[in-house]
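Here's the structure we're looking at; comments come further down.
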Amino acid sequence: MKNAVVRRLLPLIGLLAFLAIWEAVPRLGLAQRTLLPTPSDLPEAFLRELSNGIWITALGNSLFHYALGLLVGAGCGVGLGILTGMFGVAEGLFAWVSRILRPMPGLAWVPFAILWFGVSEAGAVFIISIGVFWIVYFATFGAIRSVDRDLVEVAQAFGFSSAWERLTKVMLPAATPGILVGLRTALGQAWMSVVAAELFGVSGLGSRMMQASSLLATDIVVVYMLTMAALYGLMDALFMFSQGRLLRWRPS
Amino acid sequence: MSEVTTTSTVIDIQGLNLSFDQDGRKTDVLRGLNLAVGHGEFVAIVGASGVGKSTLLRVLMGLVAPSAGSVRVNPDPSAERPMALVFQDSRLLPWRSVCSNVAFGLEKGSMTRAARRQRAMEALTVVGLADLADRWPWQLSGGQRQRVSLARALAVRPSILLMDEPFSALDVSTREGLQDELIRIWRQTNRTILFVTHDIDEAVYLADRVVALGGKPGEVRAMRHVDVDRPRKRGSAALDDLASEVKADIFGEQARSGDNWVI
C-alpha cells in the first residue's frame, strides 16, 4: 500500500530533483547563467514572449508547417504504399527507386528545398513531408501486404471483385492498425523536421529559437524547446485518443 | 426420394476438370466430376482432406475457373443472389460489429443503410443472435461466430447456400446444436444447400443425398440417398449403416471394419 504510493510519486520526485539540480548548477556558479538559464527564469521569459505576441505567431507558423507537411507526406505515403502493396507491377517499378532515395535524410534535401522553393513556407513543408513520407510509405506497404488473404476472399465471395472494392471493403480497414503505427512515428519525426526546416530561416518556433540564441537569450531558447516538447505530447495524446476511437473494435 | 428433374435442377456440373500449376508442375485436383443438385435439396459432399471438396465450392462461386467441363447454375428466380458461401473459419471482419458483418454482402447493391440493417437483423433473428447485434466479433464464442457467418450468407437471400466444413472447428455439443438449427433454417427458408464435410456421420445426419469424393485427383465415387425421415436420430442403425457404406465408397470395402467414421 505504502509502496504503491511511493512508486506513484517516484516520477514526480525525479522531476523535482532534476529541476533542483538544474536550478542549483548556475546558482552555485558551476555554469554561467547566460549559457544555462535556471528553471526559475523561464516563467518570466515565457510571459514576455507571450505578451509581445511572438510566441503565438511562431506557434501558429510552426503548426501550419507541421500540419501541411504531415498531410502531404502521409497522403503520398499512404497512397503509394497502397499502390505498391496491392499491385506487384507497382512494387517492382518502385523497388530500386525506393532503395536509392530511402537512405537520404530529410535534411539532405535542404539545398534543393532552398533552390526550388527559396526560404519559404513551401520549402519547410517540403522537407517535413519527405521525412514523413518514407515512414508512412513503408508502414502502409507492409500493412497492406500482410492483410489476411482469407478476408479478401470473403469480399470476393460476396461479389466485391474490383480492386477498389477490395481496398475499401477489406484491405484498408484491415491495414489501418499498421498504418497508424507508422503515422504515430511520423508524428514525432515531423516535429524534428519542423525545427530543422525552420532553423534555416522560415519563420516559426525553430527560427525564433535561432534568433534568441544569437542574442544569448537562452531562457527564451529553453521556452521554445519546452513548447515543442509540450506540443509533441499534446499531438501524441490527441493521436492516441483518435486511434482508440478508430480501433475500438479491437480487444483492449 | 424425389428424383432430380431437369426443370428443378439448380446446379448442373458436367465433366468438370480442375488442375493447378504448382511450381511449374500441373497438379490435377478434380477429374470428370458430374453432379446435379435439385431445388431445395440438401446435398452433402464428403471426402478426405485434399480431395478438392473446398475447391469445388470455389469453382461454383466463380472464384476459381474450371480447366474443363461445364458448370451451370439456375438459381431460383425468387432468390436475390445465386449463392452465398459459409466458410470453415467464420471469417468475420474484425472491425465490423456483428450486425455490420451480417450486412456486408448487402453493400453490393442499392439498399439503403436502414434497409440493410433491417435485413441483417432479420437474418440474426433467424440464427438466434439478434441480442448480440452490436458486439464485436472477438466478443463471441466460436459457435456464435459461425452463426453470424451463416446469417451473413442468409442475409443476401441466396438460392444456394454453399457451406465449407462450417462446423468442423466447433466442439461436439455446439456442433450438434448448429446442425439441428441448420436443418430448421433450411426447412424454413426453402434453400438449396451444398454442404462440404469430412465427417461422414454429419453428412448422413444432415443431407438428403451424400456424394462421396475420393482419389487423387478427386472424382465422384458414389452417391447415396438418405432415406430416413426427419427428425433423425443420431447414431441410429439406419444412419450408421449408411455411414459405413459411404466409408466403403470412399476407401474400399476393407475400410468398413474401422469404427471411426471421421476421415
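Bear in mind that the values in this text are calculations on the coordinates, not laboratory data. Treat the numbers as computed from the prediction; the structure is a model and nothing was measured. Note: ideal-geometry Cβ built from the backbone for every residue, glycine included; neighbour counts use all protein chains shown.
Summary of computed values
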item	result
Nearest-ten-degree value, helix B:237-251 long axis tilted from longest Cα axis of chain B	70 degrees
Selection from A:178, A:221, A:200, by position along the positive dipole direction of the stretch A:42-246 (Cβ)	A:178
P(r) histogram, all alpha-carbon pairs of the stretch A:206-252 included - 5 Å bins from 0, percent	5, 20, 17, 12, 10, 9, 8, 7, 6, 4, 1
With Cα atoms, 0 to 90° folded angle of helix B:113-126 axis to chain B main axis	50 degrees
Inter-chain Cβ neighbour average for residues B:84-91, partner chain, 10 Å	3
Cβ-based net charge around residue A:64, under 13 Å, with every Lys or Arg adding one and every Asp or Glu removing one	-2
Using distinct alpha-carbon pairs, which all enter the 1/r mean, Kirkwood radius of the stretch B:67-222 in Å	16.4 Å
Residues with amide H under 5 Å from that of residue B:69, placed H, sequence gap 5 or more	B:17
Exercise: per-residue mean of other protein chain Cβ atoms within 10 Å, A:152-163	6
Residue A:242-residue A:25 FRET efficiency (beta carbon distance; Förster radius 45 Å; 0.05 resolution)	0.65
Residues residue A:71 and residue B:21, FRET efficiency given R0 of 51 Å [Cβ-Cβ distance, rounded to 0.05]	0.70
Interchain or long-range residues, amide H under 5 Å from residue B:11's placed H	B:37, B:74
D (Stokes-Einstein, µm²/s), Kirkwood Cα radius, the stretch A:113-228, 1.306 mPa s at 10 °C	94 µm²/s
Inter-label distance, nm, simple model (7 Å from Cα along the C-beta direction), residue A:148/residue B:227	4.5 nm
Structure-based [θ]222 nm, chain B - -39500 (n - 2.57) summed over DSSP H runs of at least 4, per residue, nearest 500	-10000 deg cm²/dmol
Shape parameters for chain B, alpha-carbon atoms, Rg then Dmax in Å	18.4, 58
Rounded to 10°, Cα long-axis angle of helix B:172-189 versus longest principal axis of chain B	80 degrees
Distance (nanometres) between label positions extended 7 Å along Cα→Cβ at residue A:162 and residue A:99	3.6 nm
Total charge dipole magnitude, the protein assembly as shown, about the Cα centre, Cβ charges on Lys, Arg, Asp, Glu only, Debye to nearest 20	860 debye
Expected 222 nm ellipticity per residue - DSSP helices of 4 or more, -39500 (n - 2.57), all of chain A, to 500	-26500 deg cm²/dmol
Residue A:17 versus residue A:225: modelled label distance in nm, points set 7 Å from Cα along the beta carbon direction	2.1 nm
Subset of B:26/B:53; A:169/B:26; B:26/B:247 violating a 26 Å alpha-carbon distance limit	A:169/B:26; B:26/B:247
Cα-based Rg of the stretch A:42-246 normalised by 2.2 N^0.38 Å, two decimals	1.21
Percent of alpha-carbon pairs separated by more than 33 Å within the protein assembly as shown	57 percent
Computed over chain A: relative contact order in percent, which uses C-alpha pairs under 8 Å that are six or more apart	24 percent
Total formal charge among the other residues, if their Cβ is under 9 angstrom from that of residue B:143, Lys/Arg +1 and Asp/Glu -1	+2
FRET efficiency for residue A:122 and residue A:199, using Cβ-Cβ distance with R0 set to 22 Å, rounded to 0.05	0.85
J(HN,Hα) series, the stretch A:120-137, from Karplus relation 6.51 cos²θ - 1.76 cosθ + 1.60, nearest Hz, glycine and proline x	9, 4, 4, x, 4, 4, 4, 5, 5, 5, 5, x, 5, 3, 5, 4, 5, 4
Taking N as its residue count, the alpha carbon Rg of the stretch B:43-85 over 2.2 N^0.38 Å	1.31
Percent antiparallel among DSSP beta bridges (both partners in the protein assembly as shown, rounded to 5)	50 percent
